[in-house]
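A short write-up of the structure that comes next.
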Amino acid sequence: EALFHSRDRSDLAPSPLRRATPIADLLAAQRFLSKYGWAEGPPGAGFAAPVPRGPRRDGPPEGPRGAALAEALRRFQKVNALPASGRLDAATLAAMNRPRCGVPDTRPPLQAVSTAPRTPPPPPGPRPKAR
Amino acid sequence: PKRFLHTLLRAPAGRQPEDAAQAGGAQAFAKRTLSWRLVGEGYSRQLSAEEQRHVFRLAFRMWSEVTPLTFREDLAGPGAMVDIKLGFGRGRHLGCPRVFDGVGQEFAHAWRLGDIHFDDDEHFTPPTSNRGISLLKVAVHEIGHVLGLPHSYRAGSIMQPNYLPRGPAFELDWSDRKAIQRLYGSCAGSFDTAFDWIRQERNPHGDATARFSTYLFRNSWYWLYENRNNRTRYGDPLPILTGWRGVPAQNIDAFVHIWTWRRDERYFFKGNRYWRYDSDRDQAYTEDEQGHGYPRLISEGFPGIPSPLDTAFYDRRKQLIYFFKGSWVFAFDVNRNQVLGSSPKKMTEVFPAIEPRNHPLRSLDAAYYSYAHRAVFLFKGSTYWRVASAEDRQRRPGLPPNGLFPRQPISEKWFDVCDVHTSTLTM
């Protein structure tokens, strides 16, 4: 049974701060590239299937491999003013670990999902003709 | 039911949604006044509620200073009607399918034309602090996304994906302004009056010098315009009341600066009265040397001049004030303190069109001599006509005296003179 604390909760211990898991290996890097849109490429370029325009409940797919991975890394390195070697080096990992916005880099902002219906339910009665 | 139609997306005027999709999928709100709210269950634990709302008010204001958009905080309406909702959360938050990762890496994200979430595990700080992550900077960035801007890797852009630690106070630079104006257009609008304010100083050698600043007045607010930077001063517009003590708080008709070797008098005109402004004490005079109180009737101080006026400007070369009312122009000789015998004349006669049928004809909003452009401009609505200067007539002798060059859009010479929502005017 949960303990009840004092009325002003002053004795409530602050919940421990969560820390983002550092991006320190290839798998994490692949996920990063996929999550922020670097795994996409022009159609037919041999990249993984483009990430659908919208959030993904179970997390991004594994991300690019092989040549596609090198290509994605090169593009990421170029825009971050890093040597475009296509190899996952320390500087690239450091760039991936910088504080950043969660919107993908090469796509429009995430698809709008609202916690409330964006368009109110239609009023009772016949639908408005204008639609 | 039709009221909800405006929530349906429409591409900016003149562009079909497909075009918009081609342009990288950027889509824009169809409305020009957008509402926002920091949702009740989404307050941060790190800053006071008022601090958070103040930062968001400032962030929205910064975007409205460079676009025709205005933003108003909606504290009470139904949630579904709020255009942009902001909130803080940790890990799994606010029903969002995207889980925050804790301290480091992802500190916020935005949903297009929708909501903005901030990771409350991050150390967000107010603009006055130089530690942690500036909430203002992140908010301006995420609002940019909601309005339709993608990330940019251009140095200096607020839309860079990675947070850049503190630097000088940041502003929306030229390219960010152009990017958002590609979606929403640039600001256009008329002025009540426009003038260059002269400051007389002494340079280090003791010589008298004069410098000028350009001011644009509209309704109850004003901008200082930085000609060399082609934009308004950061943080403008401001309420007239805060910058010009003792003059009317709004809808000023005209400003005239009589500046000769012996005289340096500045007058504001509104309705049938005028005020004289004391440049040294930066406030309006309450009375003149003879003890007459201000404001005074225009008919007393400027005999023969009707009121209310449309506008007026002072021509230093001729030492004449041109008063405009309707389609008439009254030339007033400041040395003899009387209207020229030949006045009034038709505006089309005093300022003839250089290109046929390209003339404001009547009801000017403002007339303005610009030291930056060394020319007189006549404003009406969102367009201006430039008066041919002596230099123009040296180059093209065939030009008529005071001829008007064809109209041009004001917004293509005075950039980003944008209104803000009145609720944020005093920020």
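Scoring B:403-416, B:270-283 by mean Cβ neighbours within 10 Å over their residues and listing the highest first yields B:403-416, B:270-283.
Ranked by the mean number of other Cβ atoms within 10 Å of their residues, highest first, the peptides B:98-105, B:215-222, A:84-91 come out as B:215-222, B:98-105, A:84-91.
For chain B, the longest principal axis of the C-alpha atoms and the axis of helix B:49-64 are separated by about 60°.
Partner shielding of A:90-102 amounts to 5, given as the average count of beta-carbon atoms from other chains within 10 Å of each residue beta-carbon. Isolated cysteines of chain B, defined as having no other cysteine beta carbon under 4.7 Å away, are B:CYS96.
Under a 5 Å amide H cut-off, with hydrogens placed 1.01 Å from N, B:VAL247 pairs with B:ALA284 among residues at least 5 apart or on other chains. Between the amide H of B:ARG72 and those of B:LEU34, B:SER35, B:TRP36, distances stay under 5 Å, these residues lying 5 or more places away or on another chain, with hydrogens modeled in the peptide plane.
Suppose only helical runs count, i.e. DSSP H with n ≥ 4. What mean residue ellipticity at 222 nm does that imply for chain B under -39500 (n - 2.57) per run, divided by all residues and rounded to the nearest 500 deg cm²/dmol?
Details: 8 runs with 63 residues, N = 427.
About -4000 deg cm²/dmol.
Percent relative contact order of chain B, based on C-alpha pairs within less than 8 angstrom and at least six residues apart? Please report the intermediate quantities before stating the final value.
Values: 874 pairs, mean separation 54.2, N = 427.
It comes to 13 percent, rounded to a whole number.
Per residue of B:114-126, other chain Cβ atoms within 10 Å of the residue Cβ number 2 on average. Taking θ as phi - 60° and the Karplus parameters 6.51, -1.76 and 1.60, the scalar couplings of region B:372-381 work out to 5, 9, 6, 7, 9, 10, 10, 9, 8, x Hz in sequence order, x denoting glycine and proline.
Using only Cα atoms, locate the centre of region B:23-81 and the centre of region B:367-427, then give the distance between them in Å, rounded to an integer. After rounding, the separation between the Cα centres reads 34 Å. What the Cβ-Cβ distance of B:ARG199 and B:SER48 gives, at R0 = 56 Å and to the nearest 0.05, is a FRET efficiency of 0.85.
Please tell me which of these pairs span more than 19 angstrom C-alpha to C-alpha: B:LYS345/B:LYS413; B:LYS31/B:LYS137; B:LYS178/B:LYS380; B:LYS31/B:LYS85; B:LYS325/B:LYS346?
On the way: B:LYS345/B:LYS413 29 Å; B:LYS31/B:LYS137 25 Å; B:LYS178/B:LYS380 25 Å; B:LYS31/B:LYS85 16 Å; B:LYS325/B:LYS346 10 Å.
Check vs 19 Å cut-off fails for B:LYS345/B:LYS413; B:LYS31/B:LYS137; B:LYS178/B:LYS380.
Shown in residue order for region B:298-311 are the 3J(HN,Hα) couplings computed by the Karplus curve 6.51 cos²θ - 1.76 cosθ + 1.60 at θ = phi - 60°: 4, 5, 7, x, 9, x, x, 9, x, 8, x, 8, 7, 5 Hz (x for Gly and Pro). The mean count of C-beta atoms from other chains within 10 Å of the C-beta of residues in B:95-103, rounded to a whole number, is 5. Between B:ALA254 and B:PHE269, the built amide H atoms are under 5 Å apart, and every one of these is 5 or more places off in sequence or on another chain.
Taking all Cα pairs closer than 8 Å and separated by 6 or more residues, the relative contact order of region B:161-220 comes to 28 percent.
Coordinate-derived values only; no laboratory data. Here the structure is a predicted model, which means the values were calculated and not measured. When we count neighbours, we look across all protein chains shown, and the Cβ atoms used for this are built from the backbone with ideal geometry, even at glycine.
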